[in-house]
Structure formats: structure tokens, C-alpha cells
Amino acid sequence: MNIQAAGIVFPGKTLYYIINMRFMNISNKLFSFMALAAMVFTAAGCGNGSGAEPPHGGPAVTGVNVFLLAEYVAPWEGAVVIEQGQTEIFYAEVSGRDFPEQDKTWKEVSWSISPDAADGTVIEPVELAVGEGIRLTVPDNAAQGSIFYIRAASVIDGNIYGEAKITVDIPAVTGVIILEELAVVAAGENITFTPVFTGTGNVGSPPLVWEITERVSFTNSADEEEGHLVAAGTGMEGNTLFVDQHEKYGTIRITVTTADTNYSAGVQVLIIKAGTPPLRPPR
């Protein structure tokens, strides 16, 4: 027998059977829905009872690293040697999760220096593209071998910080040059040279030895045959060359040498007749 309800034909099935099957389908769906809801509620609860922080517990600072700017692309061991009088720049990077974009405080740090630093050690804030930084200057009176630390602590959580170890050393000269590459001076006049030192830290003005080391050439062939190095009144006083008014025209070489470390540099000086027009007249 066929039964038709709502325009649908159910061949060979009784009305009781059809109603019973529909009821069972509805019950199964309801049970499945309740089970799924229970699973969602459990997953969204307060953890598993172990006390562990939820995977996404909001913004948090997890670390602070301090770097020497000069070592940004090089391996950084967290320690650096700085000479007396030297200045270096450090910066800090704050790591964490879910920092609010509008609140920059999460990436800010507070800088401090250990009390073992010499009096006069200065730290000044400086804006850097790579992060928040400071400019540190070690005073000239800092003891050689002394050690201190600079610390960058998170503004959000002061217990999270990074440090850099500073060891103080004495400055060292690594070379000297004369700023004037070629000099011209007339007989009877003088000229002063400018020494420039290379080195680490504030090397100051180490003692130098200036001297005329050679006669490079003579302008007059007769003078060359005579072979005098320089006239009696020509000589160095400190970094100034005084040229005797009777000096023979030509080229001499001046050399400067660091007294302690034996670095040297030289410059050639062209001696001309007094009143001679400039080699390159002004336009």
C-alpha cells in the first residue's frame, strides 16, 4: 500500500513507520549538536588544570637584547672594549607577542648603568632606525681594566632586561698622517703642518718628532752639483718649517714620527723664490 502525505509518495511503508523514522533522525541530530557544543565549551575553558598559560593570553614581553650598533651585522657576544674618552652607540630590541600597534610603550626600555662606572660616564638617548638607543661616552679618567654594565629594562616589565658588558682600555695610536699632501713656501717664510692621528679612543696629542729627511730636488742645476741639503737657517720648530731667506729653490721632504709607537708620515715641500707668483693664480 502506498501512503501519500504532503504530495510525497512513500511506497510500501506504514504511516507509523514513517513518523517513527523521522523522530529518530531528529533525536540523532539533536544529540550530535549537544555533543559538539560540549566539545567547544571544553576547548574554550580555563586550561587543562596544569596552571600553564593559555596559548594566546594577550600581549607579553618575553625578552630584551642589547646590541652595539657598530656590530649590528657582526656576531655580538654582549661585551665590548671601549677606550678612555671613546663614544659608542648601543640599542635595544624588545621581543614578545601581540603588542598593540598603537601603544609603543610595549617596545620601550629604560636605560641604566652599573655603579661601578667611572665618574663622568655619560649615557644619552638617541633615536635610531633599528630601535631605541643610547650614546655612551667613557671619561678619560676611567681606570684601565675596569668593568661596568649598561642595562635596558622593559618599561612594561622591569624584571625583563638585557645587558652589555663594558671593559675600559687605554687609547692606542695606530697611525699618523699630515693633512697637507703638498706644500709650497717661499724662501724667508714659514709654514705650519697639521698632524692627524688614527687610533682607538681619544688618543689626544702624543709626542712627535719632526725633521727634514731629504732634499728631493734642486731648481738650479748648479745648486744640485753643490749638493747642500738645506741652508743653515732652514729647520723645524715643532710642526712649523722655517725657511732661510738664502735657501736654494727646489723640493725637500718633511717627516713626522710618533715618539712612542714609531708611526710616521711625510710631505714634500716646494721652496720657491720670494715674490714668485702663485703656481695656480686665482680666477
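Checking Gln102 against (1) assigned to a loop (DSSP other than H, G, I, E, B); (2) in contact (Cβ under 8 Å) with a residue 12 or more places away in the chain, which test does it fail?
Unmet condition: (2).
May I ask you to say which residue of Val126, Val94 is outside any helix (DSSP H, G or I) and modelled with pLDDT under 85?
The unique qualifying residue is Val126.
For (1) assigned by TED's automatic domain parsing to the domain that holds Leu136; (2) within 23 Å of Glu83 (Cβ to Cβ); (3) in contact (Cβ under 8 Å) with a residue 60 or more places away in the chain; (4) not aromatic (Phe, Trp, Tyr), each residue gets a yes or a no:
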position	(1), (2), (3), (4)
Ile156	yes, no, yes, yes
Glu180	no, no, yes, yes
Phe193	no, no, yes, no
Pro206	no, yes, no, yes
Val209	no, no, no, yes
Ile212	no, no, no, yes
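Would you mind stating whether Asp103 is at pLDDT below 85, surrounded by fewer than 15 Cβ atoms within 10 Å (Cβ to Cβ), touching a strand residue (DSSP E or B) at 6+ places or on another chain (Cβ under 7 Å) and not polar (S, T, N, Q)?
No: the conditions fail for Asp103.
Would you mention how many residues in segment 176-193 are in a strand (DSSP E or B) and either modelled with pLDDT of 90 or more or touching a helix residue (DSSP H, G or I) at 6+ places or on another chain (Cβ under 7 Å) (or both)?
10
So that you can scan it fast, the table gives a plain yes or no per residue for (1) in a loop (DSSP other than H, G, I, E, B); (2) more than 45 Å from the chain's Cα centre (by Cα); (3) surrounded by fewer than 15 Cβ atoms within 10 Å (Cβ to Cβ); (4) β-branched (Val, Ile, Thr):
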{"position": "Ile156", "(1), (2), (3), (4)": "yes, no, no, yes"}
{"position": "Val196", "(1), (2), (3), (4)": "no, no, yes, yes"}
{"position": "Gly199", "(1), (2), (3), (4)": "no, no, no, no"}
{"position": "Ala232", "(1), (2), (3), (4)": "yes, yes, yes, no"}
{"position": "His246", "(1), (2), (3), (4)": "yes, yes, yes, no"}
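The values are calculated or read from the model by the stated rules, or taken from the named source; none is laboratory data. All of these numbers come straight from a predicted model, not from anything done at the bench. Positions of Cβ are generated from backbone atoms using ideal geometry, with glycine treated the same way; all protein chains shown enter the neighbour counts.
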